[in-house]
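Visitor: I'd like to ask you about the structure that follows.
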Amino acid sequence: MDHFPVFMAVAGRRIVLSGGGDAALAKLRLIMKTTAHITVLADDPAPEIESWANAGKLTLIRRAMEPGDAMCAVLFYAANEDDAEDARVAAIAHADGAKVNIVDNLGDSQFITPAIVDRDPVVVAIGTEGAAPVLARAIKADLEAKLPASLGILARIGKTFRHAVDVLPMGSKRREFWQGFYFKSGPEAIEQHGEAGVLPALETLLDQRVASAQVQGHVDLVGAGPGDPDLLTIKARKALDAADVVIHDRLVTSDILELARREAVIIDAGKEGFGAAMSQEAINDLIVKHALDGHHVVRLKAGDPTVFGRLDEELDACAEAGVEARIIPGITAASAAVANIGQSLTKRGRNSAVRLITGHDTKGYADHDWQALARPGEVAAIYMGKKSARFIQGRLLMHGADPATPVTIVENVSRVDQRTIATTLGELEPTLTRAKLAGPALTFLGLAPRDAAQHALQFEEAAV
């Protein structure tokens with residue numbers, strides 16, 4: 001992000017613009033939405049600028065800019081549509097201490113003006129850092145269609161009422177009040193009684209909320225998927241948007257955490273195999289404590305919570321505390337990884353079953369039915385298998401598995417830095433050691449990436 005988006009206070013302050021043509025008009029139509037004192041400097045201003053000056057909407061100085069004209073200005077626009085003149089006036093404005101924007105000159109501008117959806121005081125600013133103005137306009141058009149014109153009226157009246165809502169506790173109860181106002185009772189009041197009906201509707205809604213029972217906290221056990229935010233379910237996104245508290249594991253990516261409400265409390269409850277960890281008991285206590293405090297808690301787990309996610313323990317803790325909990329499934333790493341290597345977990349004539357196994361459990365390396373896993377054609381997705389790879393390799397070979405059995409390791413599944421390593425069971429170690437994996441990885445026993453599998457098949461057919 002090269003430009004940090006902020007909303008600058010301009011009420012009663014000066015904004016100065018140099019120029020009188022089409023570029024100046026375009027900027028002025030936006031600037032005049034503010035409550036700033038606007039000054040325009042132009043030798044030959046457009047008729048619209050003359051008209052606005054005559055109406056007292058801005059101050060017009062009919063000459064070229066001179067030193068001192070931008071003194072005390074918070075913002076300055078160079079809109080002369082002449083590179084040399086824009087550079088001259090920009091230098092003056094810099095010397096006068098104003099922040100400078102040169103129209104259509106991103107490199108020499110100190111700030112940029114975004115596309116704006118105006119429902120004053122609700123304002124949506126859309127910026128592309130000058131890379132795609134057409135895209136910004138398309139997003140603006142979409143938002144203009146979705147946001148009702150009455151939104152500004154509701155926001156203005158709601159602002160005057162905020163102190164009264166302090167009688168409601170912070171968190172979900174207060175948030176539900178405002179949601180009820182902005183999306184139901186407020187629009188209904190305007191439709192039925194006009195602006196005069198909004199304040200009575202606010203008062204009635206507040207009385208109802210104050211009289212209602214204490215809001216009960218609840219827990220959503222949410223699957224965050226393997227890492228790509230686009231793989232989150234709609235239900236998971238809605239839960240994140242509503243959560244008061246988000247308790248996440250270490251594999252949940254920052255891109256997904258960004259989807260949580262800014263006001264939400266974010267708690268890292270990361271656990272790592274054979275490493276430092278927050279105990280499961282401590283995590284259970286955190287979940288229950290925040291829910292009993294009346295909060296909407298999202299327990300955010302990478303992948304799917306039903307697959308090696310300690311789900312039952314957290315459900316039991318909620319049940320024992322009398323806390324309502326629901327499961328929102330996610331895409332498990334095996335599904336995303338196998339799709340990314342162009343394969344399927346099951347295939348007619350190859351395997352009619354697939355095993356999802358873990359490389360280690362709470363007691364150390366996990367033991368499995370190695371005799372069954374070593375049979376030809378078996379397919380298994382091995383979670384948390386990096387540190388236990390040599391152990392798994394040894395057990396399978398000991399039980400008669402073919403050293404040429406294909407093995408595929410997918411690191412950082414679905415993320416932009418995903419890496420796929422194709423090898424064989426006999427070469428699993430030292431392949432993993434040489435690969436120096438740093439991110440989470442999933443190992444497929446019995447599967448090769450589609451391209452590699454096709455090449456091997458063609459080689460075998462040619463040899464015959």
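Visitor: Filter the range 139-179 down to the residues that are of a type in the set (Gly, Ala, Ser) and surrounded by 13 or more Cβ atoms within 10 Å (Cβ to Cβ), then identify the one that is nearest to residue 216 (Cα to Cα). Explain how you work it out, then say what you get.
Guide: Start the filter on the range 139-179 by keeping residues that are of a type in the set (Gly, Ala, Ser), which leaves 141, 145, 149-150, 152, 155, 158, 164, 171-172.
Now restrict to residues that are surrounded by 13 or more Cβ atoms within 10 Å (Cβ to Cβ): 150, 152, 155, 158, 171-172.
On the way: 150: 32, 152: 32, 155: 28, 158: 26, 171: 11, 172: 9 Å.
Checked the range 139-179; the qualifying residue nearest to residue 216 (Cα to Cα) is 172.
Visitor: Go through 358, 346, 408 for me and flag whichever is under 19 Å from residue 307 (Cβ atoms), within 36 Å of the chain's Cα centre (by Cα) and at pLDDT 95 or above.
Guide: Going through 358, 346, 408 in turn, the sole match is 408.
Visitor: May I ask you to list the residues in the range 316-361 that are in contact (Cβ under 8 Å) with a residue 60 or more places away in the chain, part of a helix (DSSP H, G or I) and either among the polar types (S, T, N, Q) or farther than 23 Å from residue 388 by Cβ (or both)?
Guide: Scanning the range 316-361 gives 318, 340.
Visitor: Only one of (1) in contact with a helix residue (DSSP H, G or I) (Cβ under 9 Å, 6 or more places away or on another chain); (2) aliphatic (A, V, I, L, M); (3) surrounded by fewer than 15 Cβ atoms within 10 Å (Cβ to Cβ) is not met by residue 91, so which one is it?
Guide: (1)
Visitor: Same structure again: For residue 268, indicate whether it is within 25 Å of residue 366 (Cβ to Cβ) and surrounded by fewer than 15 Cβ atoms within 10 Å (Cβ to Cβ).
Guide: Details: within 25 Å of residue 366 (Cβ to Cβ): no; surrounded by fewer than 15 Cβ atoms within 10 Å (Cβ to Cβ): yes.
No; evaluated as a whole, the condition is false for this residue.
Visitor: Then there's this: Would you mind stating whether residue 405 is surrounded by fewer than 17 Cβ atoms within 10 Å (Cβ to Cβ), touching a strand residue (DSSP E or B) at 6+ places or on another chain (Cβ under 7 Å) and over 27 Å from residue 225 (Cβ atoms)?
Guide: Values: surrounded by fewer than 17 Cβ atoms within 10 Å (Cβ to Cβ): no; touching a strand residue (DSSP E or B) at 6+ places or on another chain (Cβ under 7 Å): yes; over 27 Å from residue 225 (Cβ atoms): yes.
No; evaluated as a whole, the condition is false for this residue.
Visitor: Could we say that residue 358 is of a type in the set (Val, Ile, Thr), loosely packed, with under 13 Cβ neighbours inside 10 Å and not assigned by TED's automatic domain parsing to the domain that holds residue 230 here?
Guide: Here the answer is no, as residue 358 does not meet what is asked.
Visitor: Out of 75, 151, I need the residue that is closer than 30 Å to residue 209 by Cβ and touching a strand residue (DSSP E or B) at 6+ places or on another chain (Cβ under 7 Å). Which one?
Guide: 151
Visitor: Across the range 280-303, which residue is farthest from residue 319 (Cα to Cα) among those that are charged (D, E, K, R) and crowded, with 24+ Cβ neighbours inside 10 Å?
Guide: Filtering the range 280-303 for residues charged (D, E, K, R) gives 281, 285, 289, 293, 299, 301.
Imposing the further condition that a residue be crowded, with 24+ Cβ neighbours inside 10 Å reduces the set to 299, 301.
Numbers: 299: 15, 301: 19 Å.
Among them, the one singled out is 301.
Visitor: Of everything in the range 238-261, what is in a loop (DSSP other than H, G, I, E, B), in contact with a His (Cβ under 6 Å, 6 or more places away or on another chain) and among the aliphatic types (A, V, I, L, M)? Give them in sequence order.
Guide: Quick first cut of the range 238-261, residues in a loop (DSSP other than H, G, I, E, B) only: 243-244, 249-253, 258-261.
Cutting the leftovers down to in contact with a His (Cβ under 6 Å, 6 or more places away or on another chain) gives us 243-244.
Result: 243, single match.
Visitor: Quick one: residue 9 ticks every box in (1) part of a helix (DSSP H, G or I); (2) closer than 22 Å to residue 127 by Cβ; (3) among the small types (Gly, Ala, Ser) except a single one, so which number is it?
Guide: Among (1) part of a helix (DSSP H, G or I); (2) closer than 22 Å to residue 127 by Cβ; (3) among the small types (Gly, Ala, Ser), the lone unmet condition for residue 9 is (1).
The values are calculated or read from the model by the stated rules, or taken from the named source; none is laboratory data. Fair warning: this is a prediction, and the values are worked out from it, not measured in the lab. Don't worry about glycine lacking a Cβ; one is built from the backbone with ideal geometry, like all the others, and counts go over all protein chains shown.
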